[in-house]
Amino acid sequence: MLSEKRRSKLLHYVRDNGSVSVDDLAELLSVSVSTVRRDLDEMDERGLLRRVHGGAIAVGAESAETSIMERAVRHLEEKHRIAQEAVGLIEPGSTILLTGGSTTAQMVPYLASVPDVTVVTNSIAIAHGIGTTTEDVQVLVLGGLLRNVELSLLGHLTTQALADIHIDRAFFSAYGLDPGYGMLGAHLAEAETDRNMIAAARHLVVLADHSKFDQRSAVRIAPVSRIGTVVTDAHAPAEAVAALRARDIVVIQA
(Lines give C-alpha, C1' and ligand atoms only; values in the text may rest on other atoms or scores of the structure.)
Protein backbone atom coordinates (compact mmCIF):
# COMPACT_ATOMS: atom_id res chain seq x y z
CA MET A 1 0.00 0.00 0.00
CA LEU A 2 1.40 3.43 -0.95
CA SER A 3 2.37 5.56 2.04
CA GLU A 4 -0.13 8.38 1.40
CA LYS A 5 -2.99 5.95 0.83
CA ARG A 6 -2.00 4.09 4.00
CA ARG A 7 -1.87 7.27 6.06
CA SER A 8 -5.21 8.42 4.69
CA LYS A 9 -6.79 5.12 5.73
CA LEU A 10 -5.08 5.34 9.12
CA LEU A 11 -6.36 8.88 9.72
CA HIS A 12 -9.92 7.98 8.78
CA TYR A 13 -9.79 5.01 11.16
CA VAL A 14 -8.56 7.16 14.06
CA ARG A 15 -11.21 9.81 13.40
CA ASP A 16 -13.99 7.23 13.12
CA ASN A 17 -13.04 5.47 16.35
CA GLY A 18 -11.71 8.33 18.46
CA SER A 19 -8.69 6.34 19.64
CA VAL A 20 -6.75 3.33 18.40
CA SER A 21 -3.71 1.28 19.36
CA VAL A 22 -0.55 0.79 17.33
CA ASP A 23 -1.07 -2.98 17.29
CA ASP A 24 -4.61 -2.69 15.93
CA LEU A 25 -3.47 -0.27 13.21
CA ALA A 26 -0.63 -2.57 12.19
CA GLU A 27 -3.08 -5.45 11.82
CA LEU A 28 -5.62 -3.31 9.97
CA LEU A 29 -3.07 -1.95 7.48
CA SER A 30 -0.99 -5.15 7.19
CA VAL A 31 2.23 -3.31 8.00
CA SER A 32 4.80 -3.46 10.78
CA VAL A 33 4.39 -1.75 14.13
CA SER A 34 7.44 0.41 13.41
CA THR A 35 5.82 1.66 10.19
CA VAL A 36 2.67 2.62 12.07
CA ARG A 37 4.70 4.45 14.71
CA ARG A 38 6.53 6.48 12.06
CA ASP A 39 3.23 7.36 10.37
CA LEU A 40 1.68 8.42 13.67
CA ASP A 41 4.69 10.54 14.63
CA GLU A 42 4.61 12.36 11.29
CA MET A 43 0.85 12.92 11.43
CA ASP A 44 1.12 14.18 14.99
CA GLU A 45 3.71 16.76 13.85
CA ARG A 46 1.28 17.86 11.14
CA GLY A 47 -1.50 18.25 13.70
CA LEU A 48 -3.70 15.61 12.09
CA LEU A 49 -3.98 13.49 15.23
CA ARG A 50 -2.56 13.35 18.74
CA ARG A 51 0.08 10.74 19.53
CA VAL A 52 -0.29 9.00 22.89
CA HIS A 53 1.53 6.09 24.49
CA GLY A 54 0.62 2.93 22.58
CA GLY A 55 -1.37 4.61 19.83
CA ALA A 56 -3.17 7.81 18.87
CA ILE A 57 -6.39 9.74 19.45
CA ALA A 58 -8.33 11.99 17.12
CA VAL A 59 -7.69 15.72 17.41
CA GLY A 60 -10.43 17.28 19.49
CA ALA A 61 -11.86 13.91 20.46
CA GLU A 62 -13.09 13.67 24.00
CA SER A 63 -12.71 10.53 26.01
CA ALA A 64 -15.44 7.99 25.42
CA GLU A 65 -15.67 7.64 29.17
CA THR A 66 -18.11 9.49 31.33
CA SER A 67 -17.28 10.50 34.88
CA ILE A 68 -17.08 7.97 37.72
CA MET A 69 -20.08 9.55 39.43
CA GLU A 70 -22.21 9.44 36.28
CA ARG A 71 -21.37 5.81 35.55
CA ALA A 72 -22.01 4.81 39.17
CA VAL A 73 -25.71 5.59 38.95
CA ARG A 74 -26.37 4.02 35.55
CA HIS A 75 -28.16 0.65 35.69
CA LEU A 76 -27.49 0.60 39.43
CA GLU A 77 -29.94 -2.20 40.26
CA GLU A 78 -28.38 -4.47 37.62
CA LYS A 79 -24.89 -3.68 38.88
CA HIS A 80 -25.85 -4.62 42.43
CA ARG A 81 -27.11 -8.02 41.26
CA ILE A 82 -24.07 -8.58 39.04
CA ALA A 83 -21.74 -7.72 41.93
CA GLN A 84 -23.46 -10.17 44.28
CA GLU A 85 -23.17 -12.97 41.71
CA ALA A 86 -19.52 -12.08 41.11
CA VAL A 87 -18.65 -12.28 44.81
CA GLY A 88 -20.25 -15.72 44.84
CA LEU A 89 -17.51 -16.86 42.45
CA ILE A 90 -14.73 -16.06 44.94
CA GLU A 91 -13.35 -19.08 46.79
CA PRO A 92 -12.32 -18.79 50.47
CA GLY A 93 -8.59 -18.22 50.85
CA SER A 94 -8.12 -17.03 47.27
CA THR A 95 -6.41 -13.94 45.89
CA ILE A 96 -8.45 -11.85 43.49
CA LEU A 97 -7.81 -8.75 41.43
CA LEU A 98 -10.35 -5.93 41.27
CA THR A 99 -9.86 -3.16 38.77
CA GLY A 100 -11.55 0.20 39.07
CA GLY A 101 -15.04 0.48 37.66
CA SER A 102 -18.63 1.20 38.59
CA THR A 103 -19.58 -2.50 38.71
CA THR A 104 -16.51 -3.85 40.54
CA ALA A 105 -17.08 -1.09 43.11
CA GLN A 106 -20.45 -2.67 43.90
CA MET A 107 -18.61 -5.84 44.99
CA VAL A 108 -16.92 -4.09 47.90
CA PRO A 109 -19.74 -4.36 50.51
CA TYR A 110 -20.04 -8.12 49.94
CA LEU A 111 -16.36 -9.09 50.09
CA ALA A 112 -16.32 -9.59 53.84
CA SER A 113 -18.63 -12.58 53.37
CA VAL A 114 -15.74 -14.54 51.80
CA PRO A 115 -13.33 -15.93 54.42
CA ASP A 116 -9.63 -15.15 54.13
CA VAL A 117 -9.80 -13.33 50.79
CA THR A 118 -6.98 -11.10 49.55
CA VAL A 119 -7.80 -8.29 47.11
CA VAL A 120 -5.18 -6.93 44.73
CA THR A 121 -6.14 -3.64 43.08
CA ASN A 122 -4.78 -0.70 41.12
CA SER A 123 -7.76 1.40 42.15
CA ILE A 124 -7.41 3.83 45.03
CA ALA A 125 -11.21 4.10 45.17
CA ILE A 126 -11.59 0.31 45.57
CA ALA A 127 -8.86 0.17 48.24
CA HIS A 128 -10.45 3.05 50.14
CA GLY A 129 -13.88 1.45 49.88
CA ILE A 130 -12.67 -1.83 51.38
CA GLY A 131 -10.56 -0.11 54.01
CA THR A 132 -13.44 1.95 55.30
CA THR A 133 -16.05 -0.82 55.36
CA THR A 134 -14.31 -3.90 56.75
CA GLU A 135 -11.20 -5.10 58.55
CA ASP A 136 -11.67 -8.69 57.38
CA VAL A 137 -10.33 -8.27 53.84
CA GLN A 138 -6.62 -7.96 53.16
CA VAL A 139 -5.82 -5.42 50.44
CA LEU A 140 -2.67 -5.16 48.33
CA VAL A 141 -2.45 -1.91 46.34
CA LEU A 142 -0.36 -1.92 43.16
CA GLY A 143 1.82 1.14 42.67
CA GLY A 144 2.06 3.28 39.58
CA LEU A 145 1.21 6.57 37.95
CA LEU A 146 -2.10 8.00 39.14
CA ARG A 147 -4.72 8.63 36.48
CA ASN A 148 -6.58 11.31 38.37
CA VAL A 149 -9.98 11.13 36.67
CA GLU A 150 -10.31 7.40 37.46
CA LEU A 151 -8.21 7.20 40.64
CA SER A 152 -6.39 4.25 39.07
CA LEU A 153 -2.67 3.45 39.04
CA LEU A 154 -1.00 2.64 35.73
CA GLY A 155 2.28 1.92 34.02
CA HIS A 156 5.56 0.10 34.57
CA LEU A 157 5.44 0.15 38.37
CA THR A 158 1.98 -1.43 38.32
CA THR A 159 3.13 -4.19 36.00
CA GLN A 160 6.34 -4.73 37.96
CA ALA A 161 4.40 -5.29 41.19
CA LEU A 162 2.37 -8.06 39.52
CA ALA A 163 5.45 -10.22 38.91
CA ASP A 164 5.45 -11.65 42.45
CA ILE A 165 1.71 -12.04 42.92
CA HIS A 166 -0.38 -15.12 42.16
CA ILE A 167 -3.92 -14.08 41.23
CA ASP A 168 -6.70 -16.65 41.06
CA ARG A 169 -9.39 -14.51 39.44
CA ALA A 170 -9.36 -11.04 37.91
CA PHE A 171 -12.65 -9.12 37.94
CA PHE A 172 -12.99 -6.40 35.30
CA SER A 173 -15.76 -3.89 34.75
CA ALA A 174 -16.03 -3.81 30.97
CA TYR A 175 -16.49 -0.60 29.02
CA GLY A 176 -17.83 -2.75 26.21
CA LEU A 177 -18.20 -6.42 25.37
CA ASP A 178 -18.26 -7.77 21.82
CA PRO A 179 -18.95 -11.55 21.66
CA GLY A 180 -16.90 -11.82 18.49
CA TYR A 181 -14.00 -9.53 19.41
CA GLY A 182 -13.61 -9.42 23.17
CA MET A 183 -13.60 -7.04 26.12
CA LEU A 184 -13.26 -3.40 25.11
CA GLY A 185 -11.72 -0.46 26.93
CA ALA A 186 -12.51 3.23 26.71
CA HIS A 187 -9.08 4.72 27.27
CA LEU A 188 -5.91 3.82 25.42
CA ALA A 189 -3.66 4.90 28.30
CA GLU A 190 -5.06 2.13 30.51
CA ALA A 191 -4.95 -0.67 27.94
CA GLU A 192 -1.40 -1.92 28.49
CA THR A 193 -1.76 -2.03 32.27
CA ASP A 194 -5.11 -3.81 31.98
CA ARG A 195 -3.64 -6.42 29.64
CA ASN A 196 -0.76 -7.08 32.03
CA MET A 197 -3.14 -7.50 34.95
CA ILE A 198 -5.19 -9.99 32.95
CA ALA A 199 -2.03 -11.91 32.04
CA ALA A 200 -1.21 -12.27 35.76
CA ALA A 201 -4.52 -13.99 36.54
CA ARG A 202 -5.53 -17.60 36.05
CA HIS A 203 -9.14 -16.74 35.25
CA LEU A 204 -10.77 -13.60 33.83
CA VAL A 205 -14.27 -12.61 34.97
CA VAL A 206 -15.93 -9.80 32.99
CA LEU A 207 -18.72 -7.83 34.64
CA ALA A 208 -20.99 -6.24 32.04
CA ASP A 209 -24.57 -5.04 32.33
CA HIS A 210 -26.74 -5.26 29.20
CA SER A 211 -25.78 -1.75 28.00
CA LYS A 212 -22.14 -2.81 27.57
CA PHE A 213 -23.05 -5.03 24.61
CA ASP A 214 -23.92 -1.88 22.64
CA GLN A 215 -20.67 -0.03 23.46
CA ARG A 216 -18.02 0.08 20.75
CA SER A 217 -14.34 0.99 21.00
CA ALA A 218 -11.14 0.55 19.01
CA VAL A 219 -9.31 -0.51 22.17
CA ARG A 220 -9.44 -4.24 22.89
CA ILE A 221 -8.35 -5.25 26.39
CA ALA A 222 -8.79 -9.02 26.00
CA PRO A 223 -9.81 -11.33 23.14
CA VAL A 224 -12.84 -13.57 23.60
CA SER A 225 -10.55 -16.58 24.01
CA ARG A 226 -9.10 -15.10 27.23
CA ILE A 227 -12.48 -14.61 28.95
CA GLY A 228 -13.50 -17.36 31.35
CA THR A 229 -16.73 -16.02 32.83
CA VAL A 230 -19.15 -13.20 32.03
CA VAL A 231 -21.56 -11.94 34.67
CA THR A 232 -24.36 -9.87 33.18
CA ASP A 233 -28.04 -9.17 33.80
CA ALA A 234 -31.31 -10.66 32.53
CA HIS A 235 -31.61 -7.99 29.82
CA ALA A 236 -28.41 -8.96 28.00
CA PRO A 237 -29.04 -9.67 24.29
CA ALA A 238 -29.94 -13.33 23.85
CA GLU A 239 -27.84 -13.68 20.69
CA ALA A 240 -24.79 -12.25 22.46
CA VAL A 241 -25.23 -14.62 25.40
CA ALA A 242 -25.57 -17.56 23.01
CA ALA A 243 -22.46 -16.51 21.09
CA LEU A 244 -20.40 -16.33 24.28
CA ARG A 245 -21.60 -19.72 25.48
CA ALA A 246 -20.79 -21.19 22.07
CA ARG A 247 -17.19 -20.17 22.79
CA ASP A 248 -17.31 -22.19 26.06
CA ILE A 249 -17.53 -19.05 28.18
CA VAL A 250 -19.59 -19.35 31.36
CA VAL A 251 -22.33 -16.72 31.29
CA ILE A 252 -24.20 -15.91 34.51
CA GLN A 253 -27.28 -13.71 34.28
CA ALA A 254 -28.12 -12.01 37.54
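The values are calculated or read from the model by the stated rules, or taken from the named source; none is laboratory data. Computed from a predicted structure; not experimentally measured. Glycine gets a Cβ as well: all are built from the backbone with ideal geometry, and neighbour counts include every protein chain shown. Surface areas here come from the heavy atoms of the whole protein model, side chains and all, with no ligands, DNA or RNA. Shrake-Rupley method; radii C 1.70, N 1.55, O 1.52, S 1.80 Å.
Within the straight-line cut-off of under 25 Å between alpha carbons, the lysines reachable from LYS79 are LYS212, sequence neighbours fewer than 8 places apart in one chain being disregarded.
Charged side chains reduced to their Cβ positions (Lys and Arg at +1, Asp and Glu at -1) give the chain a dipole of some 660 debye around its Cα centre. Scanning the chain for trypsin sites (Lys or Arg not before Pro) in DSSP loops with at most 14 neighbouring Cβ atoms within 10 Å leaves 75-215 as the longest stretch between them.
Solvent-accessible surface of segment 107-254, averaged per residue with a 1.4 angstrom probe and all protein chains in place: 43 square angstrom.
A crude spin-label estimate for the pair LEU157 and ALA238, with each label 7 Å from Cα along the Cβ direction, gives 5.1 nm. Placing unit charges on the Cβ atoms of the charged side chains and taking the dipole of the chain about its Cα centre, the candidate lying farthest along the positive direction among LEU244, PRO115, THR35 is THR35. Expressed as a whole percent, the accessible surface of segment 82-223 that belongs to carbon and sulfur atoms is 50, based on a 1.4 Å probe.
What longest range of the chain stays clear of loop-exposed GluC sites (Glu not before Pro) (DSSP non-H/G/I/E/B, at most 16 other C-beta within 10 angstrom)? After excluding every exposed loop site, the longest remaining stretch is 136-254. Between ASP41 and GLU91, the distance separating the two model label sites (each 7 Å from Cα on the Cα→Cβ line) works out to 4.8 nm.
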